[in-house]
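Reviewing the structure listed below.
The values are calculated or read from the model by the stated rules, or taken from the named source; none is laboratory data. Predicted model only: the values in this text are computed from it and were never measured. Here the Cβ positions follow ideal geometry from the backbone for every residue, glycine too, while neighbour counts run over all protein chains shown. Heads up: the accessible areas ignore ligands, DNA and RNA and are worked out on the full protein's heavy atoms, side chains in. Shrake-Rupley method; radii C 1.70, N 1.55, O 1.52, S 1.80 Å.
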Amino acid sequence: MAKLIVNGENAILGRAGSYIAKQLLKGDSVIFINCEKLMVSGRKELFVERIRQKRRMGSGGSMKGPKYPRVADRLVKRMIRGMLPRDRMKGQDAFRRLKCYVGNPDEAKDVIKLTHKKPMKFSTIKEIVRILK
């Protein structure tokens with residue numbers, strides 16, 4: 001079992017999430033730092049509206065629906081959770097091995113950087129969380 005430290009700065013949310021989910025299912029522990037600097041491709045308004053719509057489904061009185069957090073690290077952890085098979089024990093164990101942080105909590109020596117070099121329109125998770133508040 002290896003311990004990976006992944007830096008989310010200038011990485012795309014979906015690609016970084018799928019890489020982390022794969023490493024978690026292999027049995028590695030993953031510490032994900034700089035979650036607020038992840039990039040989301042596409043139009044920011046559509047992404048924000050999709051999250052708001054899912055939030056509205058869960059706020060209907062006695063109905064208990066999906067809960068979408070407003071903090072960047074919890075939002076990223078929630079999205080990675082959707083890439084894991086939570087109905088099986090291996091998916092539940094994999095999710096327990098994931099830790100997400102805003103910023104860099106301690107000086108990491110062996111950091112894996114995930115970058116994307118195509119010129120596209122991006123917005124960061126930090127900007128999206130600011131809109132959601």
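Criterion first (at pLDDT below 75 and surrounded by 11 or more Cβ atoms within 10 Å (Cβ to Cβ)) does MET57 satisfy it? Criteria met by MET57. Note down all Cβ pairs under 7 Å where the first residue falls in segment 14-37 and is under 17 Å from ALA72 (Cα atoms) and among the polar types (S, T, N, Q), the second is open to solvent by less than 20 Å² (accessible area, probe 1.4 Å) and modelled with pLDDT under 95, and they're at least six residues apart or on different chains. Filtered contacts from segment 14-37: ASN34/ASN7; ASN34/GLY8; ASN34/GLY103. For the residues LYS37, LYS67, the requirement of being in contact with a Gly (Cβ under 8 Å, 6 or more places away or on another chain), surrounded by fewer than 16 Cβ atoms within 10 Å (Cβ to Cβ) and at negative phi singles out LYS67.
Considering the conditions (1) open to solvent by less than 80 Å² (accessible area, probe 1.4 Å); (2) at pLDDT 85 or above, ARG74 is excluded by exactly one of them, (1).
Among the residues here, LEU25 does not qualify as at pLDDT below 95 and either touching a strand residue (DSSP E or B) at 6+ places or on another chain (Cβ under 7 Å) or over 15 Å from ILE128 (Cβ atoms) (or both).
What's the number of the only condition in (1) open to solvent by less than 50 Å² (accessible area, probe 1.4 Å); (2) at pLDDT below 90; (3) in contact with a strand residue (DSSP E or B) (Cβ under 9 Å, 6 or more places away or on another chain) that MET1 fails to meet? Failing condition for MET1: (1).
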